[in-house]
Every structure is written in C-alpha cells, then in structure tokens.
Ligand code: GDP
Ligand code: MG
C-alpha cells in the first residue's frame, strides 16, 4: 500500500488544482456523472521519486447524510481517516474564514497529521493570509501556488516525515 495524502479544505481554495498538478493524467478514478465527480478522486503522485496516493476531496458544508453535500462530507471524513497525512488547504488571499475554522476544529479532533497549505501565495497578496494561517495551530503553513507550481518542493519536504 502506498502512503495516502488527502487534500481537504473549503470550496475554491485550489484543492483540485493541486491534485491535478500532483497527479497529472494518472487519475485512477474519475466519474463524470454529475455530483459524483466531486465526491472523491484519487491518483498516484510522484514527487522527487516518492510515490504516494493523493485523494482530492469536496464537501464540508453539512453533515446531513440525507443530502449530497452531506454524503460528500462523509467521503471527506473517510479520506482523512485513512490518510497518513492531510493537507489542509486555505486561500492565502482570502485569509481564514469561519468555514476554515470549522474544518480546523474537526481536523484537530482527527488522528491524522495535518499540514496547512496556504495556496494562492504567488506574488504578495497572500502574505497576511499566510500569517493568519499560523494561528490555526497546526504549525507553520507551507506557502504554495498550485496554479503556478510554486512551493511544491517545500510541500514535499513537509510531507516527507509522513510518507
Ligand atoms: P477547489 O474547489 O478547492 O478544488 O478549488 P479549485 O482547484 O477548483 O480552484 C478554485 C479556483 O482557484 C480556480 O479558479 C483556480 O484556477 C484558482 N486557483 C487554484 N490555485 C491557485 C493559485 O495558486 N493561485 C491563484 N491565484 N488561483 C488559484
Ligand atoms: Mg475541487
């Protein structure tokens, strides 16, 4: 079994962008039916010669299992439970939002090690958000630009103890 890394965070922070960058075309599981695509995608990432499974997650708005968002959240929780490390992604430009704080509370109660990834950190617009992310209590955030590919080596360095 390869080590497993789950990417979690509120919508639009850039989780899928990072997933696509790490996995490229080697996506093991893509289902294009509406609503299913966003459930869970996994693939194999190779960073500096180390292979690991990456899970892209979506859905944290509600835990009502009667709803699609609730089932997506259950998928997210299952992904984190099986992961060797969780990448908790925030948007450095937006700063920490109430939903980020809710996710942080939930992650603190989980057993999985958490690395905070401060995405959209290209340029200077993200500096305040990176500092805010330190207050989440998971240690120093890793600044990243998933879109521009900046910070990926530093992300690997942060992941290395867990994979
Ligand atoms: P997800 O909902 O967390 O999976 O977010 P997506 O990966 O779908 O990205 C949401 C939006 O953020 C898209 O418009 C991306 O192009 C944009 N985005 C992702 N990564 C970056 C980044 O590093 N910098 C900037 N400026 N935008 C980004
Ligand atoms: Mg996504």
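Laboratory data are not the source of any read-out in this text; all were calculated from the coordinates shown. A quick note: this is a predicted structure, and the numbers were derived from the prediction, not measured. All Cβ positions, glycine included, derive from the backbone under ideal geometry; neighbour counts span all protein chains shown.
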request  = Give, as ranges by residue number, the residues of segment 131-163 whose backbone N falls under 20 Å from the point 7 Å along Cα→Cβ of residue 20.
outcome  = 144-153
message = I need the calculated FRET efficiency for the pair residue 140 and residue 97, taking r as the beta carbon distance and R₀ as 22 Å, to the nearest 0.05.
response = 0.65
request  = Arrange the following residues from fewest to most other Cβ atoms within 10 Å of their Cβ: 52, 88, 19.
outcome  = 52, 19, 88
query = By count of other Cβ within 10 Å, fewest leading, how are 105, 73 ordered?
reply = 105, 73
remark   = Between the modelled labels at residue 78 and residue 157 (7 Å from Cα along Cα→Cβ) the distance in nm is 3.7
key: Modelled label reach - residue 48, point 7 Å along Cα→Cβ, segment 79-94 residues with backbone N closer than 18 Å   = 85-87
